[in-house]
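Heads up: the structure comes next, in C-alpha cells.
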Amino acid sequence: MDPNLNHNDSDVILSTKKPFSERFKKGAKQWLDVSPFLLIGLAGASIFVIYPLIKGIVMSFQDYNIIPGAESPFVGLENYKKAFSDPAFAYAVRNTFLNTVVTVPINWFLGLFFAVLINIQFVKYKITFRTLYYLPIITSWIVVAFLFRYLFADGEDGLINFLLVNLGLVDEPISWLQNQWTAMIVIWLFHIWKTVGWTVVIYLAALQGIPKNLYEAAAIDGASGIKAFRFVTIPMLRPITAFVIINLIMGAFNFFPQVYFITNGGPMGQTEVLQSMIYKQAFSNFNFGYSSALGVMMGLTIFLITLTQQKKLSNQKFM
Amino acid sequence: MNGNVFSKLIVYLFLILGVLVFITPFIYMVMTTFINGAYSLPKPQEVFTAVPNLENYEIVWNKNSFFRYFLNSLLVAGVATIGSVFLGALTAYAFVRFTFPGKELLFRIFLFTMMIPLVLAIVPQFTVIKNLGLVNTYWGLWLLYIGGGVVGSTFFLRGFFETVPKELEESILMDGGGNWTIFRRIYLPLSKPALGTMAIFSFSGTWDEYFVALTIIKDEAMRTLPIALMMFQGKYASNWSWIFAASLIAILPVIIIYIIFQKKFVQSGHSEGAVKG
Amino acid sequence: MNAWKKLMTGAAISTMLFAGGCSGGSSETGSESSGDKVVLDYWHTYSDQEEVILNEKIKPLFEKEHPDIELKLTRMPYEGLKQQVIAGVSGGEAPDLMRMDIVWVSEFAKMGALQEVSGMDRFEDVKNSVFEAPMATNIYDGKYYGVPVNTNTKIAIYNKDLLEKAGFNKAPKTMDELKDAAKKAVDAGAKGGIGIGGSNAWGFLPYFWSLGGKMTNDDYTKFDGFLNSEESIAAVEEIANWQKDGLLSPTILGGEPGAWDGMKEDQYLMLDDGPWFYSILGNEEGSKFKPEEETVSGLIPEGPGGSRSVIGGENLVTFAGSEHPEEAWTFAKWMLTEEPQKLMAEAGLIPTNKNAANDPSVIENPIVEKYVKQLETALPRTPIAEWSEIEAVINLNFEKVMRGEMKPKEAMDDAAKKADAILQQ
C-alpha cells in the first residue's frame, strides 16, 4: 500500500525517532505529494481567513484605527481588562452560556430523534420529510427573523398569542419581547426552529452511511431493534456526533441574527449576546480593539469547551 | 402484529407533528401575501380568510427590477457554489488521504478560525481584494466566498471522506492510477450525498449573503438579490404582505436548487442501512 | 453521472480561473477621471421619490452648470450602512461624497475619515445661508466637516376623532393640555394617549427638553450637573408618571400596535413623526386611511422648556481619501443653494437654505410650514463623536425608569457619570 496513506495517526512521523535529515526529507516528500490538493485551499484560507485572524488578534492589543496609515498604539491587555468591568459583558456572557446550555442539547436530541425516525425502514416519503424539515435551514435568516417577529407580535394579532388565547392556554396575550425570559424563549425557539433541520440532515447522511452488514451481524447475535440501535448505531455515529456537537456549540455562541433582528438586545440589554456586543462595539461605537478582544476571548472559550470533541475528531476511525 | 401497527402510528405521528411545526409558519407567511393593502399588522382572522391571488407578487416584482438582481444572484451563487464544493473536496481529500508534517496543527488552526468571530475580517479582506484590483467585480466576490469558505467546507467534507473505505483504493492502484484517479473515481462518487449537502449549504449561504456583496460590488446594476430585498424591507417595513411576497420570491430559487440537488445526489431511501422497526 | 462530470469540469475551470484570478475581468472603480471629466462618487440613501428628483433634475442641472464634473450616484441601503462606510474608509475605497445622518458626522470626523471644510472656498457664505442648528451638527473639535443638505424634525400628530372625544377641537398647545387630553382619551377607551416612539433619544428628547430637561452644558463637554439637574430629573419623573398612569402608548417600550397602526385604528390619541409620513402614507395604494382628513397636527406642546423638538436630517460630507476634494466641495456648495434645495423640497425634504425654506412655493404646503416653524426651536442631539455610545447608556437607563426598574434620579445620576466617563476616554 501507498506509504503516504493516512492511517489517522498523523503524528507517526514525529514518534519514529529517525535522524533529522531523514525526517526532513520524508516530510518534504510528503508535502510534495499533498501540495496539488492542498495548496489552493491553503492559499485561500491563509489570505482570507488566517491572515484576518492574525490581524484580529493583533488588533485586540491595540487602540485600533481603521484609517489607512493612521497610528494604532499598542495598549497591552487594556481591551481585555475593559470587558470585565463592562456590565453589558456580564449579560452577554450569561446569555451566551444560557443559549448554549439550552439549545445545544435540544437541537442535538431533536436532530437525532427525527433523523432516526425518518431513517426507519418502513417510513415512506423520506425525501419529502427531509425536504420539509430542511426548509427553515435554506430560508434566509432575515426572512425567518421577520417571520418570527410577525408570529410573536404583541397583543392579540400575533399568531402565537391568537392561538394561545383561543386555545385557552393563557388568559391574555403575552408581550413576548417585553420581558427578559419570554424574549429569550422566542430567541431560543427561533434558533432551534431554524437550525434543527441541519442536525437532521447530517445525521441522516451518517445513518445511511452505516453498512447494512453490521446490522445483519448484530441480528445474528440476537440484537435487533433498540439493541441494535444501542450497540451498532450509536457507536457508529460517534465521530459525526463530535462534528455535530462542535458545530452546534459554535452556532450557539454565534447567536447574532437571532438577537439583532428580534430584540436587538432589549429589553434593557438583557438579551444581549457576545456576538451582538462584538458587532455593536465595532460598528456602532467604533471600539475596534475592544471588539476584537471580545472576539478572541470568545474564540478561545469555544476552542477550550470543544477540546474533548476535537480529540474525538482527530482520532476518528469509521471503518 | 398489532404492536407493530401501533409503533408505526407513533412514528408517523411524531414525524407529522414535526412537519407541522416546521411548515405552519411558512403557510401563515404565504397566506399573508394574499392580503391586499396590509399596511398594519394583519389580524389572524384576515390571514385565514385571505383569498389566494398573486397581486402582491406582481407589485413587488415590478417595483424593484428584481429580475435583474435575480440573475446576478444566480451567477454569483452558482459559481461560488461550484468553486466552493470543488475546492472543499480537494482540500478535504488532502487532509484525509495524506500524511504530512504539521497536518494536525493546520487542522486545529482551521478549526480555531471557525470559532473566532471575525466581524472585522472584512477590513483586511477588502484590502486584499482592492490590491488585486478586484473591487466591483464578481471575481472579487467569488474569490472571497470560495477562499473564505474553504475552511468550513473542508471541515464538513473531511468527516464524510473519512468514511470512504480504504480497500477500494487498491484496485485503482493496481491499475496504475494515482492520487487524482482515486480522488475522481472513488472519493467524489462515494461522497455524493455529502457533496450535494455541501452544495446546498454553499448555495443558500451565498444566495443570502448581504454584507460582503454590498462591500465589494459598488455598481447598482451588479448588485445581488439580498441587497435589493434589504432596500425593499427598509422602504416598506410595515407592509407585511409585500415583505413576505418579496421574501418568498427570494427563497424560491434556493428551494428549487435544493430539490434538484437532493434528487441528483442525496439518494435517500436507496441505501437503506436502517434500523429495523 | 454525466451531469456530475460536467459540473466538476465546470468547477475545475472556474477554480483554475480563480487561482489566476487577478488576470481577468478587473475594472477600476472610484473617482478616476473619465475623459476630461472628474467623476464624483456619491453615496446616498434617498427614498424612491427623492431619488427620482435627484436623478432627473439635480444631476442634469449640476452637470450642465459644471460640465467638467460628472456625478456617479449610488443608493445605499440603511441596514449595515456604517459597516459599509468603515470598510470603504479602511480600504481607501470610500466615495468622494456622502449624504449621511447628522449624528454620524462627528463620529467619522473623530476617526479621521472626513475632510475638513471650514477652509474651503466661500465657506462662510455657505454657513450663513443655512439654518444654524443643522449647521452645528457638522462641528467636531471646533471645525466643520460637512454641510447640512436637508433637515427635519418631528411635530405632534393627533387622531381627530379621539381628540374630539377628549374635548379638544385643535391640537393641545401645552404639555398640561396634552396630559389632560391623553387622560380623557384613555378614559374613553383609547389604548394610548401620548405617543413616544421608543426608549431612545430620538423618541423621548422632545418631551424631555420641552419639560425642561437638559443634556449637557452649552459646549457639550459635561453631562454631570445637566443630564441629572433638578429640571432634568423632574422631566423624566413627569414622563415616568405618564407611564405609570397609563397615558403613554405601548410604543414607548416597543409594544404593539405600532404608532401609525394605532393611529389608523383609532387606538392612539397622538404620535410624533417627521415630514416623511405624509408622502409615505399618501403613497399607500389601496389604503383607506386619509391622513389629512383623519389627523390634526401641531407643534410639540410647550412645557417649562418651551416647545422643543429634535432635529434630524442629513449632512453632505467629503471623505478624507477623496482625490477630488475641490470638486466635491463645488457640488456640496451648489447643493445648498436655493434652486436645488427647492427641487428636493418637492419630495418633502425640508431645505436647510434659509431662503429656500421660506420660499412661498415651499411653505405653501401647510405641513411643511409647521415643520419649518418647529425647526426654529428644535435642538440637535448632542453633536459629539461619542454620541452612539453615550446614547446607548442614556437609553438603557431611561428604559429602566419606564419599566419601573430604576428611580429617575438614580438613573440620571448614573447615566451622567457614565457619559462623562466615556467623554473622557
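Some points to look at:
- Selection within segment A:148-174: residues that are surrounded by 21 or more Cβ atoms within 10 Å (Cβ to Cβ) and among the small types (G, A, S). The member of this set that is farthest from B:V30 (Cα to Cα) is A:A153.
- Among (1) within 7 Å of chain A (Cβ to nearest Cβ); (2) closer than 25 Å to B:T197 by Cα - the single one B:G83 does not satisfy: (1)
- Consider segment A:34-49 and keep the residues that are closer than 13 Å to B:F110 by Cβ and not polar (S, T, N, Q). The one that is farthest from the other protein chains (Cβ to nearest Cβ) is A:L42.
- If the condition is being of a type in the set (V, I, T) and surrounded by fewer than 24 Cβ atoms within 10 Å (Cβ to Cβ), then segment C:86-101 contributes only C:V89.
- Of the helices (runs of 4 or more DSSP H) lying entirely inside segment B:182-269, the ones with 3 or more residues being buried (at least 18 other Cβ atoms within 10 Å of the Cβ) and without any contact (Cβ under 8 Å) to a residue 24 or more places away in the chain are found at B:225-235.
- Positions within segment C:213-245 being within 21 Å of C:D273 (Cα to Cα) and outside any helix (DSSP H, G or I), in sequence order: C:G213
- Cross-chain or 6+ apart pairs with Cβ under 8 Å, segment A:241-263 first and more than 9 Å from chain B (Cβ to nearest Cβ), then in a loop (DSSP other than H, G, I, E, B) and not β-branched (V, I, T): A:V259/A:G265; A:V259/A:E272
- Qualifying helices (runs of 4 or more DSSP H) (wholly inside segment C:339-420; at least 2 residues being in contact (Cβ under 8 Å) with a residue 60 or more places away in the chain and within 23 Å of C:A156 (Cβ to Cβ)): C:366-375, C:387-402
- Against the conditions (1) out of contact with any Ser or Thr (no Cβ under 7 Å at 6 or more places or on another chain); (2) buried (at least 20 other Cβ atoms within 10 Å of the Cβ), A:L38 satisfies every one except (1).
- Where helices (runs of 4 or more DSSP H) sit wholly within segment A:83-155, those with at least 2 residues that are under 22 Å from the mean Cα position of the chain (by Cα) and within 14 Å of chain C (Cβ to nearest Cβ) occupy A:87-119, A:141-151.
- Counting the residues of segment C:62-118 that are under 22 Å from C:M135 (Cα atoms), among the basic types (K, R) and more than 22 Å from the chain's Cα centre (by Cα) gives 0.
- Flag for A:Q275 being within 11 Å of chain B (Cβ to nearest Cβ), out of contact with any strand residue (DSSP E or B) (no Cβ under 7 Å at 6 or more places or on another chain) and not hydrophobic (A, V, I, L, M, F, W, C): yes
- Any chance C:V117 is of a type outside the set (D, E), part of a helix (DSSP H, G or I) and either in contact with a Lys or Arg (Cβ under 7 Å, 6 or more places away or on another chain) or surrounded by 22 or more Cβ atoms within 10 Å (Cβ to Cβ) (or both): no
- Odd one out for C:P95 among (1) closer than 30 Å to C:E369 by Cβ; (2) in a loop (DSSP other than H, G, I, E, B): (1)
- Among (1) within 29 Å of B:I227 (Cα to Cα); (2) under 18 Å from the mean Cα position of the chain (by Cα); (3) hydroxyl-bearing (S, T, Y), the one test that A:Y203 misses: (1)
- Checked against (1) of a type in the set (A, V, I, L, M); (2) farther than 26 Å from B:V79 by Cβ; (3) facing chain A (nearest Cβ under 8 Å), B:A194 passes all but condition (2).
- Just one of the listed residues (B:N64, B:N72, B:N4, B:N36) is in contact (Cβ under 8 Å) with a residue 24 or more places away in the chain, buried (at least 16 other Cβ atoms within 10 Å of the Cβ) and within 12 Å of another protein chain (Cβ to nearest Cβ), and it is B:N64.
- Any hit, segment A:200-217, residues being in a loop (DSSP other than H, G, I, E, B) and surrounded by 22 or more Cβ atoms within 10 Å (Cβ to Cβ): no
Values quoted throughout were computed directly from the atomic coordinates according to the rules given, and no laboratory measurement underlies them. Only a predicted model underlies this, so the values are computations on that prediction, with no experimental measurement involved. Here Cβ is always computed from backbone atoms with ideal geometry, including for glycine, and neighbour counts include all displayed protein chains.
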